[in-house]
1. Check Ser37, Ser46 and return the single one that is hydroxyl-bearing (Ser, Thr, Tyr) and over 20 Å from the mean Cα position of the chain (by Cα).
2. Return the residues of the range 26-64 that are in a loop (DSSP other than H, G, I, E, B) and touching a Lys or Arg at 6+ places or on another chain (Cβ under 7 Å); say none if nothing qualifies.
3. Given the condition over 20 Å from Val114 (Cβ atoms), under 19 Å from the mean Cα position of the chain (by Cα) and at pLDDT below 95, answer yes or no: does some residue in the range 51-59 qualify?
4. Restricting attention to the range 65-87, report how many residues are within 20 Å of Ala8 (Cβ to Cβ), assigned to a loop (DSSP other than H, G, I, E, B) and of a type outside the set (Ser, Thr, Tyr).
5. Please give the number of the condition Val68 fails out of (1) surrounded by 15 or more Cβ atoms within 10 Å (Cβ to Cβ); (2) closer than 21 Å to Val124 by Cβ; (3) in contact with a helix residue (DSSP H, G or I) (Cβ under 9 Å, 6 or more places away or on another chain).
6. Does any residue in the range 1-20 that is surrounded by 13 or more Cβ atoms within 10 Å (Cβ to Cβ) come within less than 8 Å, Cβ to Cβ, of a residue that is assigned to a helix (DSSP H, G or I) and not β-branched (Val, Ile, Thr) six or more places away or on a different chain, and which pairs are these?
7. Kindly provide the set of residues from the range 89-134 that are under 16 Å from Met45 (Cα atoms) and either at pLDDT below 95 or of a type in the set (Ser, Thr, Tyr) (or both), ordered by number.
8. Pull out all pairs, ordered by first then second residue, where Cβ-Cβ is under 7 Å, the residues are six or more apart or on different chains, the first lies in the range 33-46 and is within 25 Å of Glu113 (Cβ to Cβ), and the second is among the basic types (Lys, Arg).
Amino acid sequence: MGPFFAAAAAGELRIQACAECGRLRHPPRPVCPYCRSFSSEWRLMSGRGTVWSYVIPHPPLLPAYADVAPYNVVVVTLEEDPLIRLVGNVVAAPDAPLNSADAADVTIGLSVEVVFPPPIEDVVLPRWRVLDVK
């Protein structure tokens, strides 16, 4: 997962892909589950996706999140491959707190785009904001 987090720290969403058959895979692994190749590369994604599922934890699942509950946790499918699913939070802006998006606005099928908040303990966890669809 090192390249995934290094890309996030640089403001990019990159997903591992097989260098032989081209299929995306996440979480990353040493062998392609489709063609069994050991060759891989990290492809830049558009950062657009769709909320596939979500939950609003009440109370928080982890004690460290008690002060920000309730907050949303979403599973997002990527535009490039709906089989790739990433977990995160919908926020109002890249540097906004977890509960900055109204929980009532988070729905299955919501169009979102990736944002990169400031690092926490040197780690950047991608988050999502609502994509303006026109």
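The values are calculated or read from the model by the stated rules, or taken from the named source; none is laboratory data. None of the values given here were measured: they were computed from a predicted structure. Virtual Cβ from ideal backbone geometry, glycine too; neighbours counted across all protein chains shown.
1. The conditions single out Ser37.
2. Pass one, the range 26-64, residues in a loop (DSSP other than H, G, I, E, B): 26-39, 45-47, 56-62.
Cys32, Pro33, Tyr34, Met45 - these are the residues of the range 26-64 that are in a loop (DSSP other than H, G, I, E, B) and touching a Lys or Arg at 6+ places or on another chain (Cβ under 7 Å).
3. Within the range 51-59 (the criterion being over 20 Å from Val114 (Cβ atoms), under 19 Å from the mean Cα position of the chain (by Cα) and at pLDDT below 95), the answer is yes, since at least one residue qualifies.
4. 3
5. Looking at each condition in turn, Val68 falls short on (1).
6. Leu13/Ala7; Arg14/Pro3; Arg14/Phe4; Arg14/Ala7; Ile15/Phe4; Gln16/Pro3; Gln16/Phe4
7. Ser111, Leu125, Leu131
8. Between residues of the range 33-46 that are within 25 Å of Glu113 (Cβ to Cβ) and residues that are among the basic types (Lys, Arg), the close pairs are Trp42/Arg14; Arg43/Arg14; Leu44/Arg14; Met45/Arg14.
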